[in-house]
Each structure stands twice: as structure tokens, then as C-alpha cells.
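Okay, structure first, notes after.
Please treat every number below as a calculation from the coordinates, not as lab data. These numbers come from a predicted model, not from an experiment. Cβ placement follows ideal geometry from the backbone for every residue including glycine, while neighbour counts extend to all protein chains displayed.
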Amino acid sequence: MELKWLEDFLSLAETRSFSRSAEARHVTQSAFSRRIQALELWLGVALIDRSTYPTTLTPAGRRFRETAEETVRMLHASRVDLRAGTESGGAMVSVAALHTLSLAFFPAWLRGIEARTGPVETRLLADDFHNCLQALAEGAYDFLLTFHHPSVPILLDPDLHPHRVVGTDGLVAVHSPALSGQRANGPLPHLAYAPDTFLGRVSLFAQAQVGALGHVSHTNAMAEALKAMALEGHGLAWVPRSLVIRELAEGRLIMAGPEVPLEIRLYRSCARTRPAVETVWAAAGAYSQTA
């Protein structure tokens, strides 16, 4: 197995063209084709359906694509992390954080940490819950910054991945004031999360707090995108309160029910014990921020 085989395969899955992928990968088409065949031989299955145009993946190829994407991402992340540790004497700390927390929480939280530790060099992965959790569990990152709610258990071994509660937030249902009259006549259109997202699963619990919701008019994995849709009057969305503090204060959004409390947790990998990591972990124990 060679890393370039995986990268070739992912390129082909994206372009669906041997010639375009060969050009993008800076090899001849014949060499590119041989590398794809070598990957198929190593796996023992056909990944590419060569009887169609444009090129398509076989069922096995579609299943393997996700594995290849994760493998390449983790290998590159580990390389960056190892090089950063070597070049900075291990002073850099890496944090995997949910998209919303990377925007609405991390900058101010880091400022509070640095008030106790001095400047901290950081590398941040802003991604979805699954990828952030995997980045911590597989040892590519020092810390995981995530929301927590009892309805979505985080299945990490506390001996290997202990946590500290470093802040609080809440999930709130919001909509544009322009829809107030429509709400009086029935449920508003629902701006929903993709069902496999962390906040999507919490919102299923939260929906019971406001009664029936209207039909799903829009689905998105990111709270920031649902907030934008709510501001434009497309319906009701459940979003972290930290993301809409200004809009609520200015009256551009209004709440439509009680808040569902969320913890903000910092998990760490006990396998990663550099002095910079221990310093940040100790400072996090003395610092809590409320959104």
C-alpha cells in the first residue's frame, strides 16, 4: 500500500476521468492507471467500473472512498502535528473543535487560557462532531472542544480521555420577527440539521420543548448556515445561543421557546503529554467561560 495510491483513487472519484486525474497528479495516464490497478490488487476488489462513461465507482469503491478520505486526512494531520512538535520544541497544542465553537467560543477561551499561561501556539481543526471525535481518539490532536448534552453520550474512555467543563451555552429556537404573525396561525417551517450531526440529535430532544414544528423546508449540517436562513425569514432554527447573542439583542431574531442547556467540554488525550499540553490542561481547570 502506498499513500499516493489512495490520493490517486480519491482524485479519480472526484474527477471521474483517468486523463484529468493523471494530469492533476502530474503523471502519465498509463502510470496513473497502473497505480489504480495496484490499489485494486492490494484490496482484492474492483473499485472502478470501467464500462461506464464518465468513470464511476463500484459499490466496493463507494464504500472504500470514505475509508480512503479518513486515512489520507489522518496521515496528513499526523505529519503536520509531528513536524510542528519538532520545529517548535513541542510547544504547539492542537485542538479539534466543532464548527460553532471554533467561531463563537475558542478565540475568547484561548485568550483566557493565555492570561494564565502566556502565549500558546495552537493548531485548530474546525470540523463536524464525528471527525473531531475521531481526531482525538486516533491520537492526531491533543484536545477536543465540544458541546455536551445527556441525549448524545460521548463514548470516550474517561481514563484515556478525561474532560473538563470549560463553559456553558444553550440551544435556542429562533426565527425572524417577520414570521411572528405566521407562527400565530400554525407551526413555522423547520430549518433542520442533517440527522447525523451532534446538534441535529440534540435538537430532536429540544423540539419537544416547543411543540409541533412545520415541515422541513431546509436541511444543513452547520448552525451558522441555519442562522443565516432564519435571519432571512425562511423558518425556525435551533442554534447555540452564543451564535445569536447580537441578533437577539438587536431584535433581528426572536426566541420561540425555552433554552436547552449545553455544556462546553474540553477532552484531552492522555497519550499526549508534552509540557505545553499539560500547561493548557491545568489552566483549563481554572477557567470557565459562559456563552
* Assuming R0 = 25 Å, can you tell me the calculated FRET efficiency for the pair L43 and R123, based on Cβ-Cβ distance, to the nearest 0.05? => 0.20
* **Estimated FRET transfer efficiency when R0 is 25 angstrom, pair E69-S19 (beta carbons, to 0.05)** => 0.65
* Structure fact -> Everything considered on the Cα gyration tensor (a ≥ b ≥ c; rounded for a/c under 1.5, else prolate if a/b is larger than b/c, else oblate), segment 3-74 must be described as rounded
* Suppose R0 equals 41 Å; then what is the FRET efficiency for S217 and S30 from their Cβ-Cβ distance, rounded to the nearest 0.05? -> 0.25
* What is segment 1-149 by shape, rounded, prolate or oblate, if you read a ≥ b ≥ c off the alpha carbon gyration tensor as root eigenvalues and call it rounded for a/c under 1.5, prolate for a/b larger than b/c, and oblate otherwise? -> prolate
* Asked: Where does the chain land at 222 nm, in deg cm²/dmol rounded to the nearest 500, when only DSSP H runs of n ≥ 4 count, each adding -39500 (n - 2.57), divided by all residues?
  -> -13500 deg cm²/dmol
* Decide, for the chain, between rounded, prolate and oblate: order the square roots of the alpha carbon gyration tensor eigenvalues as a ≥ b ≥ c, take rounded if a/c falls under 1.5, and otherwise choose prolate if a/b is larger than b/c, else oblate. => oblate
* Structure fact -> Taking Cα atoms only, helix 275-284 is inclined relative to the longest principal axis of the chain by an angle, in degrees rounded to 10, of 20 degrees
